[in-house]
1. So, D153, is that one assigned to a loop (DSSP other than H, G, I, E, B), modelled with pLDDT of 95 or more and within 21 Å of D211 (Cα to Cα) or not?
2. Within segment 229-243, identify whether any single residue is part of a strand (DSSP E or B) and buried (at least 16 other Cβ atoms within 10 Å of the Cβ), and answer yes or no.
3. Residue under question is L163, and the condition is that it be surrounded by fewer than 18 Cβ atoms within 10 Å (Cβ to Cβ), farther than 19 Å from N247 by Cα and free of Cβ contacts under 8 Å to residues at least 24 places away in the same chain; does it hold?
4. Please tell me if P84 is modelled with pLDDT of 95 or more, farther than 19 Å from P275 by Cα and outside any helix (DSSP H, G or I).
5. Can you tell me how many residues in segment 92-133 are closer than 24 Å to A224 by Cβ and either assigned to a strand (DSSP E or B) or in contact with an Asp or Glu (Cβ under 6 Å, 6 or more places away or on another chain) (or both)?
6. Given the condition among the hydroxyl-bearing types (S, T, Y) and more than 14 Å from the ligand (Cβ to nearest atom), answer yes or no: does some residue in segment 147-159 qualify?
7. Within segment 259-279, is there a residue that is at negative phi, over 15 Å from the mean Cα position of the chain (by Cα) and within 14 Å of the ligand (Cβ to nearest atom)?
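The values are calculated or read from the model by the stated rules, or taken from the named source; none is laboratory data. This structure is a prediction, so every number in the text was calculated from the model and none was measured. Don't worry about glycine lacking a Cβ; one is built from the backbone with ideal geometry, like all the others, and counts go over all protein chains shown.
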Amino acid sequence: MAVPHSIYRETGTVAINTVTCKNCGQCARICPTEVLRMEEGRLKVCADSSFGCIACGHCMMVCPEGSVSVTGRGLAPGDLIPLPGKEQCAKAEELEALMLSRRSVRRFSGRDIEPEALERILRMAASAPMGIPPWDVGCVVVSGRTEVRQLADAVVEGYGSLLKYMKPWLLALLRPFIGRKNYEFFGQFVIPLAKGYLQAQGEGKDALFYDAAAVLLFHHSPVAEAADAMIACTYAMLAAEAMGIGNTMIGAAAPIIQRNQGLCRRLKIPPGNKPAIALVLGYPAAVFRKAIRRRFTAVTKV
Ligand SMILES: Cc1cc2nc3c(=O)[nH]c(=O)nc-3n(C[C@H](O)[C@H](O)[C@H](O)COP(=O)(O)O)c2cc1C
């Protein structure tokens with residue numbers, strides 16, 4: 001039985017070239033679902049693994065002889081690509097410098113983002129880990145300030161509709177049923193946020209996507225973790241940062257888009273998929289002169 005996926009119903013299929021396989025066992029040691037096992041010094045493909053082959057491809061990637069091939073669940077041996085050289089990989093110092101220099105950018109120059117740059121960001125983001133392979137996450141690419149503004153307007157309209165029935169007196173009435181946390185969340189965050197978006201829109205400004213040059217909207221299938229889309233977005237954010245493209249994650253758009261079936265259809269989000277997070281992109285118009293040291297609320301050592 002295959003781990004559920006919105007498209008792939010089957011498990012992966014592992015094939016071993018028994019002529020070239022040296023039974024070194026590296027694939028069996030790395031297989032996370034024990035589809036590959038060593039039995040009496042020989043590599044065996046086992047049908048009794050609980051999850052079957054999830055098509056992570058690790059076995060193909062470690063085999064020194066190229067004797068293992070995995071197909072199915074969207075994977076094929078042709079997906080193997082050369083490993084970048086160690087000298088090409090960012091060292092911790094470089095990665096830390098990138099992370100410390102990164103800031104959420106909400107002021108963009110008028111420069112468009114080149115289609116190749118968007119493609120590269122997506123390619124890099126797709127290298128992120130997911131709960132269980134393969135990806136069950138999709139991305140809507142909205143490119144161009146006019147298109148971005150149209151989407152922002154549609155979302156802000158959604159906030160307008162929300163404000164029509166989310167009145168403070170109604171919230172107060174509902175408080176015993178929705179609990180203090182939700183009451184405060186809606187009263188002290190959602191309502192002022194919606195009012196702010198509408199006011200800005202009235203003044204011809206885009207307070208949702210900040211007139212960005214592009215938006216990436218990550219969505220996930222009903223059987224995938226929301227975390228998968230968030231991690232993909234985080235990777236896209238770091239990729240954009242490394243390319244000098246300013247960015248900010250926008251959580252405020254997804255809940256409104258999710259409730260608007262027409263908008264989901266317009267954005268070609270597959271039925272049932274949930275928008276999780278957006279990333280606005282644009283060349284920055286602001287310069288940060290210092291980094292900032294941030295801390296987790298608690299780091300406990302046990
Ligand atoms: C999950 C998530 C959702 C966010 N949603 C929004 C948003 O809707 N609007 C916005 O302006 N910033 C949003 N942000 C950006 C944060 O506000 C930003 O990270 C914070 O201001 C800290 O600034 P820094 O990224 O420069 O460290 C979001 C960030 C995350 C991680």
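1. no
2. Scanning segment 229-243, I find no residue that is part of a strand (DSSP E or B) and buried (at least 16 other Cβ atoms within 10 Å of the Cβ), so the answer is no.
3. Against the criterion (surrounded by fewer than 18 Cβ atoms within 10 Å (Cβ to Cβ), farther than 19 Å from N247 by Cα and free of Cβ contacts under 8 Å to residues at least 24 places away in the same chain), L163 does not qualify.
4. Answer is yes for this residue.
5. Count: 2.
6. no
7. Within segment 259-279, none of the residues are at negative phi, over 15 Å from the mean Cα position of the chain (by Cα) and within 14 Å of the ligand (Cβ to nearest atom).
Matching residues to (1) in contact with a strand residue (DSSP E or B) (Cβ under 9 Å, 6 or more places away or on another chain); (2) farther than 30 Å from H5 by Cα; (3) assigned to a loop (DSSP other than H, G, I, E, B); (4) touching a residue at least 40 places away in the same chain (Cβ under 8 Å):
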{"residue": "K268", "(1), (2), (3), (4)": "yes, no, yes, yes"}
{"residue": "A276", "(1), (2), (3), (4)": "yes, no, no, yes"}
{"residue": "A286", "(1), (2), (3), (4)": "yes, yes, yes, yes"}
{"residue": "R295", "(1), (2), (3), (4)": "no, yes, yes, no"}
{"residue": "V302", "(1), (2), (3), (4)": "no, yes, yes, no"}
